[in-house]
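See structure below.
The values are calculated or read from the model by the stated rules, or taken from the named source; none is laboratory data. Note that the structure is a prediction, hence the values are computed from the model and not measured. Cβ coordinates were reconstructed from backbone atoms using ideal geometry, including for glycine residues, and neighbour counts include every protein chain displayed. The accessibility values were calculated without ligands, DNA or RNA, using every heavy atom of the protein model including side chains. Shrake-Rupley method; radii C 1.70, N 1.55, O 1.52, S 1.80 Å.
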Amino acid sequence: MRKEDAAGAPKLPESLRLDMDGPVAILRLERAHKRNALNDPTVLGIGAFFAQIQPGVRAVLLTGSGEHFSAGLDLSELQERDVVDGVMHSRMWHRALDEVQFGSVPVVAVLQGAVVGGGLELAAAAHIRVAEPSAFYALPEGQRGIFVGGGGSARIPRLIGASRMAEMMLTGRAYSGEEGQQIGLSHYLVAPGEGLRKGLELAHKVASNAKMTNFALMHALPRIAESSQDQGLFMEALVAAIAQSAPEAKQRIAQFLSKQAGTRVQRPR
Ligand code: 1HE
């Protein structure tokens with residue numbers, strides 16, 4: 001489905017393409033000629049899309065066209081800004097990427113080629129990252145004389161630690177796809193050309209979860225993980241009780257107890 005077919009969906013800029021695969025919305029950065037550099041209309045479009053997820057969409061797959069996921073902030077748009085305008089521009093990114101991370105459905109990002117600067121900030125807002133071996137990660141802001149402004153200093157240390165992020169920015173280090181997998185930038189490293197297939201498989205799995213489970217994992221877990229143990233455990237008990245009392249949970253547990261096929265935990269292959 002092209003973006004104009006998606007009834008009720010926000011109008012997307014030319015740099016974003018929307019396709020549907022059942023309950024999975026596939027949102028693609030469509031600026032390969034500029035290595036999917038993120039200009040203001042693209043960032044605003046991402047924010048609007050995630051703020052208005054359409055009924056029936058249960059997961060989003062986020063990907064980039066061409067050989068690179070994203071080269072980050074569109075540097076040609078980096079104008080002279082006074083301090084207040086600079087803060088507001090960064091806050092615009094924050095709002096958009098918060099919609100990705102704290103929206104209504106889980107997001108699977110498929111990564112290839114450059115995942116750099118704001119591109120890595122965007123990838124870090126997704127819930128699951130699938131990388132191809134061509135992926136490489138860098139924060140060239142350090143070398144450009146600027147700082148991350150798209151939420152990277154809050155999200156990336158939570159993936160790889162503040163020390164690794166500081167070292168990346170101080171030295172301009174790039175991590176390969178293989179290294180990114182080892183340090184926790186990606187959850188899956190797949191064979192070349194397999195990213196979309198794996199990403200879609202995962203997105204469909206996530207889309208079939210109980211709505212409450214996805215909600216709890218997106219909205220309760222990050223808060224619990226940042227809380228003191230005492231407050232976190234109290235929140236956990238509340239969320240667990242709410243989740244268990246939902247009819248969908250009762251039905252899923254009954255399916256296991258009645259030995260319905262496909263309900264047993266699978267050993268890793
Ligand atoms: C761009 C951008 C961009 C490419 N803004 N136009 N990000 C960076 O510092 C990364 C800058 N980009 C690169 O280092 C390279 O482009 C890549 C390693 C990603 C890809 O290299 P390559 O050889 O495949 O492509 P290219 O020839 O460098 O670029 C192709 C075109 O894309 C070219 O434009 P053309 O009109 O000359 O064809 C490039 O200028 C254009 N292009 N990347 C604008 N980023 C919220 S704060 C976040 C802060 C940041 O993200 S800072 C990090 C920015």
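Quick notes on this one:
- For region 3-207, lysine pairs separated by 8 or more sequence positions, or belonging to different chains, with Cα-Cα distances below 25 Å total 5.
- When the Gaussian network model of the chain links Cα atoms closer than 10 Å, the mean-square fluctuations of Ile146, Ile183, Ile53 top out at Ile146.
- Remark: region 148-162, residue by residue, has Karplus-estimated 3J(HN,Hα) of 4, x, x, x, x, 6, 8, 8, 5, x, 6, 8, 10, x, 5 Hz, where x stands for each Gly or Pro and the curve is 6.51 cos²θ - 1.76 cosθ + 1.60 at θ = phi - 60°.
- Net charge of neighbours whose Cβ lies under 12 Å from the Cβ of Ser104, counting Lys and Arg as +1 and Asp and Glu as -1: +1
- Top of Lys211, Lys11, Lys250 by mean-square fluctuation, Gaussian network on the chain, Cα under 10 Å: Lys250
- Residue among Phe234, Phe49, Phe69 with the largest mean-square fluctuation in a Gaussian network model of the chain, springs linking Cα atoms under 10 Å: Phe234
- Cα-based helix-to-principal-axis angle, 83-101 vs the chain, degrees rounded to 10: 30
- Nearest-ten-degree value, helix 195-207 long axis tilted from longest Cα axis of the chain: 40
- Three-way shape call for region 3-207 based on the alpha-carbon gyration tensor, with the a/c threshold at 1.5: oblate
- When a 1.4 Å probe is rolled over the protein heavy atoms, the share of accessible surface on the chain that falls to carbon and sulfur comes to 56 percent.
- Stokes-Einstein D in µm²/s, Kirkwood radius over Cα pairs - region 180-269 at 20 °C with 1.002 mPa s viscosity: 134
- The C-alpha atoms of the chain define a longest principal axis, and helix 40-51 lies at about 10 degrees to it.
- Summed over qualifying helices (DSSP H, 4 residues or more, each -39500 (n - 2.57)) and divided by its residue number, the chain shows a 222 nm mean residue ellipticity of -13000 deg cm²/dmol.
- Fraction of antiparallel bridges per DSSP, the chain only, in percent to nearest 5: 30
- Calculated accessible area for region 1-84 comes out at 49 Å² per residue, all protein chains present (probe 1.4 Å; ligands, DNA, RNA ignored).
- Solvent-accessible surface of region 211-257, taken per residue with a 1.4 Å probe and all protein chains present: 75 Å².
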